[in-house]
Amino acid sequence: MFQTGLHIALQSIASDWLTWLMRQVTALGYHEIIILIVVAVVFGLGLRQGFLLFQIVFWTSTLSGMAKQHFGLPRPFFADSRVACLEPSWNTSGSFLARGGRGFFDLPAREVIDAFRLKRISFGFPSGHTSSAIAIWGGLAVVFRKRWLAWLAPLMIALIAFSRLYLGVHFLADILGGALLGGLVLLAAWLLWRRDGRRAEIFAAMAGTLSPLLRRAAYLCFLFGLPLLLAAFSLVSMTFTGLYVGMNAAYLLLTRKGLPDDAGSLPVRLARVLLGGVIFSLLAAGLRQIVVLVPALAGAPWGRFLVAVLSTFLSFWLAMELYLRLGLYRRPAAG
């Protein structure tokens, strides 16, 4: 699974147009694009579904990042110089030749693993692109429960996974590991939220109406306490944790007031998505400039966390207030 023969075979049919196509496909698996999709779902399709989708995306990404740091395994182009890294902006310098796994279940050579860990490049196992593809496309199928999404999801996941092999940045083992991790998170989400009553529990917990108190506390710990604990031990990105906590905090306050009705024409939905993106971009840029002026926060991990929390929370809160005033959302409905 850590052999490079598959990559060499795939790249033997490489062409400019195919490489261009695979780069476009693989771009769909980067966090920036996935967050844009989540934002589009939140403001354009459904506040509740978007919130649930973001939970799947965050925890999949978090577990994938933790697994990468734990295993610390190299990428194909580093283990075998015959494998070209067809994705730009990678530091691919290395002098190893055919040092991937000898057998199907063997790891790359120990000296390759040790040298790669010194390079400070993102580790390969498991594939974050594959797990994220399952989170976003499989997550869409789970939260919306549409048959066409259930058919589209495997296709998108397979394409993104294939692009990582073709571009020479992941072993087959990385793809299978990412698929297993993403699949387990998605399965947990499906088991938890396949019934409307269970979906309503998380919003009832944020609204303060879920009983018993212990179950409400467990939900709130999951939404706020656990991610902060992981960030404190540097197990997850401060910026990504800030986005998650900020979003959850905004939803908590809005849920207590009552989430608005999602109804709206296509132009209205597009306006909500575009305005939300503009508000977030302006606030994030402004807050980053303010943090730079505070010596104690500039460059500090908790400074990045603070910017992410405030940017997400204020963007979401201000956007909702603006939308209500402009009539882009109906006034909050009961529950």
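The values are calculated or read from the model by the stated rules, or taken from the named source; none is laboratory data. Owing to the predicted nature of the structure, the values given are computational and were not obtained by experimental measurement. In this analysis, Cβ positions are derived from the backbone assuming ideal geometry, glycine residues included, and neighbour counts consider all displayed protein chains.
Restricting to region 83-118, name every residue that is in a loop (DSSP other than H, G, I, E, B) and surrounded by fewer than 16 Cβ atoms within 10 Å (Cβ to Cβ). I'd like the intermediate steps shown before the answer.
Within region 83-118, the subset in a loop (DSSP other than H, G, I, E, B) is 83-109.
Correct list: Pro88, Ser89, Asn91, Ser93, Ser95, Leu97, Ala98, Arg102, Gly103, Phe104, Phe105, Asp106.
For region 199-219, a residue qualifies if it is surrounded by fewer than 18 Cβ atoms within 10 Å (Cβ to Cβ) and of a type in the set (Lys, Arg), and the qualifying residues are Arg199, Arg215. Given the structure, is Phe162 more than 20 Å from the chain's Cα centre (by Cα) and assigned by TED's automatic domain parsing to the domain that holds Phe104? When the stated conditions are applied, Phe162 does not pass them. Annotation note: Cβ proximity below 6 Å between a residue of region 216-234 that is more than 21 Å from Arg199 (Cβ to Cβ) and a residue that is modelled with pLDDT under 95 (sequence gap 6+ or interchain) occurs for Leu230/Val236; Ala231/Met238; Ala231/Thr241.
I'm checking my understanding of the structure. Among residues of region 287-302 that are modelled with pLDDT under 75 and part of a helix (DSSP H, G or I), which one is farthest from Leu275 (Cα to Cα)? Outline the logic, then answer.
Our first condition is that a residue be modelled with pLDDT under 75; within region 287-302, this holds for 287-301.
Narrowing further to those that are part of a helix (DSSP H, G or I): 287-292, 301.
Numbers: Leu287: 18, Arg288: 20, Gln289: 21, Ile290: 23, Val291: 24, Val292: 26, Pro301: 29 Å.
Per the criteria, the residue is Pro301.
Selection over region 135-164 of residues that are surrounded by fewer than 22 Cβ atoms within 10 Å (Cβ to Cβ) and farther than 16 Å from Val41 by Cβ gives a count of 8.
Scan region 125-142 residue by residue and report those that are touching a Gly at 6+ places or on another chain (Cβ under 9 Å) and of a type in the set (A, V, I, L, M, F, W, C). First the steps, then the outcome.
The initial filter retains those residues of region 125-142 that are touching a Gly at 6+ places or on another chain (Cβ under 9 Å), namely 125-136, 138.
Answer for region 125-142, where residues must be touching a Gly at 6+ places or on another chain (Cβ under 9 Å) and of a type in the set (A, V, I, L, M, F, W, C): Phe125, Ala133, Ile134, Ala135, Ile136.
Where helices (runs of 4 or more DSSP H) sit wholly within region 146-258, those with at least 2 residues that are within 14 Å of Thr62 (Cβ to Cβ) occupy 172-193, 226-232, 238-257. Take region 1-37 and flag every residue that is part of a helix (DSSP H, G or I) and crowded, with 21+ Cβ neighbours inside 10 Å. Matches in region 1-37: His7, Met22, Thr26, Ile34.
Do we have any residue at all in region 110-120 that's of a type in the set (Asp, Glu) and outside the structural domain of Trp90 (by TED's automatic domain parsing)? No, because not a single residue in region 110-120 is of a type in the set (Asp, Glu) and outside the structural domain of Trp90 (by TED's automatic domain parsing). Scoring Phe96 on the criteria (1) under 27 Å from Ser15 (Cβ atoms); (2) in contact (Cβ under 8 Å) with a residue 40 or more places away in the chain leaves a single failure, condition (2). Exactly one residue among Leu220, Leu184 is assigned by TED's automatic domain parsing to the domain that holds Gly138, over 30 Å from Gly327 (Cβ atoms) and either at pLDDT 90 or above or over 16 Å from the mean Cα position of the chain (by Cα) (or both), and that residue is Leu184.
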